[in-house]
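The next block holds one structure in the form of structure tokens; read it before the comments.
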Amino acid sequence: MIRHRIWSITTLLVVFTLFLSACGGTAPAVPSASNTTPQAAPTTAEATQATGATSASAATAASAMTSAAATTEAPAATSAATEAPAATSAATQASGAAPAAVQLPADAAPLEQQVYVTHYDNTADFTTIDFYESVYKRGGAISDILSDSLVRLDKNFKLQPGAATKWEVDSTGLVWTFHLDPNLMWTDDTPVTADDYVATFRYGADPKHAWDFTWFFNGVIKNWDDVVAGKKPLTDLGFKAVDAHTLQVETQTPAPYLPAMMLYSDTMQKKALEAHGGLYNSDPATSVSSGPFILQEWKKGERLVYVANPKYKGTNKPMIQKIICIGAAPSTDFAAYQSNEIDFMSGPNLSPADNTIVSSDLDLQKDYHPHYGDFRTHYLFFDFQNPPFNNLKVRQAFSHVIDRDGLIKSIIKPTQGLPAYSFLMPGFPAANSEALKGIQNYDPAAAQKLLADAGYPGGKGFPKLTLWLRNEAPVRQAMAQAIAASIKQNLGIDVDVSNKENKTFTDAMNAKPTQIQFGLVDYGMDFLDPANMLGVFKSGGRHNWNNKQFDDLYNKASAFTGDPQERTKMFQDAEKLLVSDVGSVFIYHRTPGDLYRPYLKGTELEPDQNGKAAIHWPGFTSFSTLPSSMYVSKDVTNYRKSVPQ
Amino acid sequence: MARYLLGRVIGLIGVFIAVSIVAFLLMHSIPGGPFDEEKSPLPPAARANILRKYGLDRPLYIQYLRYMGSALHGDFGISFQNPTETVLQTIGRTWPVSLRLGGLTILIALPLGILLGIIAAVKQNTWIDYVTTFVSTLGLTVPNFVIATWLLLLFSVRLRWLPTGGWGGWKTWIMPVTALGLGPMALAARYTRSSLIEVMRADYIRTAHAKGLSGRRVIMRHALKNALIPLITILGPQVPNLVTGTIFVEVIFRVPGLGKFFVSSIYLRDYPMLMATMLLVALLWSATYLLSDILYTVVDPRVRLYGD
């Protein structure tokens, strides 16, 4: 009997090996439903990866932003980037009853092959394709393309006109006027008016709707907070239709970053909203569009299909004629990509094993496009109000024991992240990485001395800690273990690492007082202004590092309408305070990348001002100029045997 | 029999109430809710708005009574994940897919497993037995999501014979059914083999052989029927497992079934969907156990149900 057992076990092993070699020695990608939490606000590309976001000049994006804020009139038709292929913008202007024909570049595949296929995460919450219905329930699918937002971003993160052809602010800095493109029409042949925008913003603030992103406009838009709280009627909201094509936005305090915030303003139709409620775009029968695409089919959990809007009159006219989004668990993306079933795959969905395959395969390497993602930074936070972390020396000691370079080299991998010693990632407006580098540097000797000075020599008397993680991927679990080991080794403090389920973590973090003594978390931007990123550390916000001086500097800088450089300097002072008072221990900036096939082409996919050729945040959506730029080239026939249906 | 059944059904109602209370309490005791604070804590007003929208601002017992009241009228609420349809519509849309996948799997895997088990038992200690043992060991020890990944890598990525997923046409059924069926098939084969070998040593089998019956007749008529009794116990519970879908196989092969909701309803805090799936599972398991108990009397006349 024993011999039989041995025999069968041997056979088993042999067949295992055969199986594995047939599969190219790949470690099977274990599906992880729990790891598929959709990333925060912005779209698909938000969760994306990039290699070393080199030393992108901080000034570039910064100046882009601030200039847009300070100008009284937005640069009209602007750079070559927005004009995309000249052919299309010309076509767009040919308004009239007949749909304008799309003119494709010379190397483009025929019109019927202009199909773009991607996956979306069907294990995530996905109930809407409209930002103002829900931000966190958009499932990471291609969304927000059924109307134009007031402004959009190009590949250099410069604001470009969208549904608004120009905008200006009055002398008080409080009242903004956006002039809408009068050509825009809904598919039911009614014009897009300022009333539609006002109705959309009111819907966002409506307490009955209970929008999950109301915090975004908190303290910015006039009366927003009171309307959300039900203390004032919707009509008191700081959005007003001056006439059919003029929208007025009133802010609580001067907000030079308002145009940047208006990235999220893809309007819903007032008529449809009133007739069918906020989910009218869930069904092609009630869906109405004024954007580059129309909804053709939505089978919940399975697929979502858009086709180009033949009646579209805006400036983001697409060459892609059909978008097919297939519902799938992120762990299956790579197999589908390798089988040529999808054209694009979000880099963060690659497992470490998949990444090994990518880096050893020349073709896949060429398909991999690193970028900045959403300028996400991972950091350690504390319960700042209670011992031991209410002691600055203790926090400083912790900030000096983490060897970021080592973590990046051995765990995160240099293609996936940059060491962080401060919050704002290089390339983000007001980023000041070089100057702040020395404050939280790796210096175990200094750390030991600081801990001893704080009254815990060699970690004696220090409580045992638990480092909380929020549903982190294996790679950051490993990183947390390394951090814990480093704390133990250098400071003699025991640290357990505990990876918590998403909502459990978030609930504990937000509890007042917070229930997390020591945690690892991250933040990525919502719009390109330091006011957004640094706002995380305001008193009463995410963490209880309450610093009056920081708050004052932050508030002053946020509302500052003067010289943009001076404003940048004020934010840099605030960040310096955050870093030196150890409002967090910064670990690394995520630099994601995506895989997409070489037949996806277009000016927006060509290298940006820092030489990065990628599908930049916010991806294929009307928040971006990408839809009017991207097309499928003739090379597609080398990959696809037939046109995807 | 009728009295027995009636007693069991009344017992089931008690089980249902208990399950609903436990599930309801457990699900509300998990931190968080159907709101998302990924970025920043929600302002109190916004949080209150969301709770009010979902009716979560009322005391727990009121919420429970309201839920059960509606449920008794056939209204299981609206799924937070799919606000455009009711929970029943969501289940009605996805469960048939899981039923079909599970049904196909049962129809193929269990008979095949029993057949393999019989062959292995009859040809004990020959190469056929070894191969069967090997396949069974593989099926039992390797989780279905690993098998699914192997199938995917081999047949879709390497050979490009089959699509990586989806649900439509026999080509998309092959891999999910194989991945899902290998385990139950192995289980059936293992138990059939050992049970049959044991029965074949029994005296009445020797008697049957002595009477001059053919080997096939002895096995089919005398041995197998007795060998099936332990199988009912083992395989019965496989049925509700298979027909309610499985998250791994359905997720890997993009089968639009019910399976994923058992997990996603928990981490999305989709209370109505979570309650409905819980109750559905409770119903199916109770029914399965009741059915297997009745089946015992069919295969073994000596078994008497209490109350008969």
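Working only within the range A:340-351, note down all residues that are within 14 Å of another protein chain (Cβ to nearest Cβ) and polar (S, T, N, Q). If the condition is that a residue be within 14 Å of another protein chain (Cβ to nearest Cβ) and polar (S, T, N, Q), then A:ASN340, A:ASN349, A:SER351 are the ones that fit. Scanning the range A:559-572 turns up at least one residue that is of a type in the set (Phe, Trp, Tyr) and more than 22 Å from the chain's Cα centre (by Cα).
Do we find that A:ILE516 is in a loop (DSSP other than H, G, I, E, B) and modelled with pLDDT of 95 or more in this structure? Yes: the conditions hold for A:ILE516. Take the conditions (1) over 30 Å from A:GLU168 (Cα atoms); (2) buried (at least 23 other Cβ atoms within 10 Å of the Cβ); (3) among the charged types (D, E, K, R); A:GLU274 misses just one of them, which is (2).
Considering only the range A:339-348, I want to know if a residue exists there that is of a type in the set (A, V, I, L, M), modelled with pLDDT under 95 and either more than 21 Å from the chain's Cα centre (by Cα) or closer than 21 Å to B:LEU152 by Cα (or both). No, the conditions are met nowhere in the range A:339-348. Which of the numbered conditions does A:ALA163 fail, given that it passes all the others? Conditions: (1) closer than 30 Å to A:GLN609 by Cβ; (2) over 28 Å from the mean Cα position of the chain (by Cα). Exception for A:ALA163: condition (2).
Any residue at all in the range B:198-208 that's basic (Lys, Arg), within 34 Å of the chain's Cα centre (by Cα) and not in a helix (DSSP H, G or I)? Among the residues of the range B:198-208, at least one is basic (Lys, Arg), within 34 Å of the chain's Cα centre (by Cα) and not in a helix (DSSP H, G or I), which makes the answer yes. For residues that are farther than 16 Å from B:ALA109 by Cα and of a type outside the set (Lys, Arg), scanning just the range B:123-133, find the one that is farthest from the other protein chains (Cβ to nearest Cβ). The qualifying residue farthest from the other protein chains (Cβ to nearest Cβ) is B:ILE128.
In contact with a Pro (Cβ under 9 Å, 6 or more places away or on another chain), small (Gly, Ala, Ser) and either surrounded by fewer than 20 Cβ atoms within 10 Å (Cβ to Cβ) or in contact (Cβ under 8 Å) with a residue 60 or more places away in the chain (or both) - does that describe any residue in the range B:116-135? Checked against the condition, which is being in contact with a Pro (Cβ under 9 Å, 6 or more places away or on another chain), small (Gly, Ala, Ser) and either surrounded by fewer than 20 Cβ atoms within 10 Å (Cβ to Cβ) or in contact (Cβ under 8 Å) with a residue 60 or more places away in the chain (or both), the range B:116-135 yields no hits at all. If the condition is being within 10 Å of chain B (Cβ to nearest Cβ), farther than 16 Å from A:MET261 by Cα and surrounded by fewer than 21 Cβ atoms within 10 Å (Cβ to Cβ), then the range A:211-227 contributes only A:ASP226. Elements of the type helices (runs of 4 or more DSSP H) sitting completely within the range A:522-632 and holding at least 1 residues that are free of Cβ contacts under 8 Å to residues at least 40 places away in the same chain and surrounded by fewer than 24 Cβ atoms within 10 Å (Cβ to Cβ): these cover A:548-558, A:564-580. Residue count for the range A:298-333 under the criterion of being within 14 Å of chain B (Cβ to nearest Cβ) and more than 25 Å from the chain's Cα centre (by Cα): the result is 1.
Does at least one position in the range B:197-204 carry a residue that is touching a Ser or Thr at 6+ places or on another chain (Cβ under 7 Å) and crowded, with 18+ Cβ neighbours inside 10 Å? Before the answer, list the steps.
Narrowing the range B:197-204 to residues touching a Ser or Thr at 6+ places or on another chain (Cβ under 7 Å): none.
The answer is no; no qualifying residue exists.
Here B:GLY259 meets the list (1) surrounded by fewer than 21 Cβ atoms within 10 Å (Cβ to Cβ); (2) within 14 Å of chain A (Cβ to nearest Cβ) almost entirely, failing just condition (1).
For the residues A:TYR379, A:TYR372, A:TYR337, the requirement of being in contact with a Phe, Trp or Tyr (Cβ under 9 Å, 6 or more places away or on another chain) and within 10 Å of chain B (Cβ to nearest Cβ) singles out A:TYR337.
Is one or more of the residues making up the range B:251-265 more than 30 Å from B:HIS28 (Cα to Cα) and hydrophobic (A, V, I, L, M, F, W, C)? Yes, there is a match, as at least one residue in the range B:251-265 is more than 30 Å from B:HIS28 (Cα to Cα) and hydrophobic (A, V, I, L, M, F, W, C). So for the range B:169-188 (the condition being more than 14 Å from chain A (Cβ to nearest Cβ), crowded, with 17+ Cβ neighbours inside 10 Å and either over 23 Å from the mean Cα position of the chain (by Cα) or free of Cβ contacts under 8 Å to residues at least 40 places away in the same chain (or both)), does at least one residue qualify? Within the range B:169-188 (the criterion being more than 14 Å from chain A (Cβ to nearest Cβ), crowded, with 17+ Cβ neighbours inside 10 Å and either over 23 Å from the mean Cα position of the chain (by Cα) or free of Cβ contacts under 8 Å to residues at least 40 places away in the same chain (or both)), the answer is no, since none of the residues qualifies. Please verify whether the range A:367-376 includes one or more residues that are on the phi > 0 side of the Ramachandran plot, aromatic (Phe, Trp, Tyr) and in contact with a strand residue (DSSP E or B) (Cβ under 9 Å, 6 or more places away or on another chain). Scanning the range A:367-376 turns up at least one residue that is on the phi > 0 side of the Ramachandran plot, aromatic (Phe, Trp, Tyr) and in contact with a strand residue (DSSP E or B) (Cβ under 9 Å, 6 or more places away or on another chain). Of the helices (runs of 4 or more DSSP H) that lie entirely inside the range B:1-114, those containing 2 or more residues that are within 14 Å of chain A (Cβ to nearest Cβ) and surrounded by 13 or more Cβ atoms within 10 Å (Cβ to Cβ) span B:2-29, B:44-53. If the condition is being under 21 Å from A:HIS589 (Cβ atoms), among the small types (Gly, Ala, Ser) and more than 10 Å from chain B (Cβ to nearest Cβ), then the range A:487-531 contributes A:GLY519, A:ALA531.
The values are calculated or read from the model by the stated rules, or taken from the named source; none is laboratory data. Remember, predicted model here, so these are calculated numbers, not experimental data. Using ideal geometry, Cβ is built from the backbone for each residue, glycine included, and neighbour counts are taken over all protein chains shown.
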